[in-house]
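Below: the structure, in structure tokens.
Just so it is clear, none of the values below were taken in a lab; they were calculated from the coordinates. Because the structure is a prediction, the values reported are computed rather than measured. Cβ atoms come from the backbone with ideal geometry, glycine included; neighbour counts cover every protein chain shown.
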Amino acid sequence: MKKTYKLHNILFPIWMLIFFPTYLWLFLIPANYLIDYLVTRLSMKHIGVEKYQKKALYHSWKICIIGFLSDFIGAAFLLGVEMWMDMSGNRDLYELINGINYNPFVNACSFLLIVTGILIAGLCIYFLNRWILGKDEELTKEQVKQVALYLAVFTAPYLFLIPSMWIYS
């Protein structure tokens, strides 16, 4: 007979949910695609790209995948920092771990670590989108940089800053 285990009362920080595919992804993927499409379309329109509607529609699915990958990289950074702190055994770091997991506004270091995770994800969004959009021969290098910058700024995972304790309390 196979043993089964149940884990009760495990609380995850919101940013860690990216590692666990759930039914929420049925909502998140289309919502993320729509946001990426709108940011791409509006940024292309703003900088004067011809056929911006068609180009935004063509590139949006790749941009959406890049967004999820970048968010995953930012969350992996936070998880790695948290695991490193936990394995160090230093009791002074538990307040930082608690801040990263449940409320980044509890101390400045936790906040800065979360912001670093957001910046890492934003940089990934920028450089990966520059790479993908750079393959489009109809876009100039300057247009590619501008669209990638808009995407990095407006689609970075700012949700990492939401305190998980709001949900769990």
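Things to note:
- In this calculation the C-beta distance from residue 91 to residue 153 is compared with R0 = 45 Å, giving a FRET efficiency of 0.75.
- Loop-located trypsin sites (Lys or Arg not before Pro) in the stretch 97-145 whose Cβ has at most 12 other Cβ within 10 Å (DSSP): 135
- Where only DSSP H runs of four or more residues are counted, the chain gives -23000 deg cm²/dmol as its mean residue ellipticity at 222 nm, each run worth -39500 (n - 2.57).
- Sequence-distant residues sharing a close amide H with residue 103 (under 5 Å, placed H): 164
- Result for the chain in a Gaussian network model with C-alpha springs under 10 Å: among 42, 159, 133, the largest mean-square fluctuation is at 159.
- Helix 25-47 and the long axis of the chain differ in direction by around 40°, with both axes built from C-alpha atoms.
- Qualifying GluC sites (Glu not before Pro) for the stretch 79-169 [loop in DSSP, other Cβ within 10 Å: at most 16]: 137, 138
- Modelled spin labels at residue 165 and residue 140, positioned 7 Å past Cα toward Cβ, are 5.1 nm from each other.
- When the charge dipole of the stretch 80-169 is built from unit charges on Cβ atoms (+1 for Lys and Arg, -1 for Asp and Glu) and taken about the Cα centre, the candidate among 85, 104, 115 whose Cα reaches farthest toward its positive end is 115.
- Under the combined filter of DSSP loop state and at most 12 neighbouring Cβ atoms within 10 Å, the stretch 30-95 retains these trypsin sites (Lys or Arg not before Pro): 51.
- Most fluctuating residue given options 132, 97, 63, as computed from a GNM of the chain linking Cα atoms under 10 Å: 132
- Full-extension gain in nm, residue 72 to residue 111, via 0.36 nm per residue minus C-alpha separation: 12.2 nm
- The relative contact order of the stretch 65-160, computed from alpha carbon pairs under 8 Å that lie at least 6 residues apart in sequence, is 32 percent.
- The calculated FRET efficiency for residue 132 paired with residue 24, based on their beta-carbon distance and R0 = 30 Å, is about 0.70.
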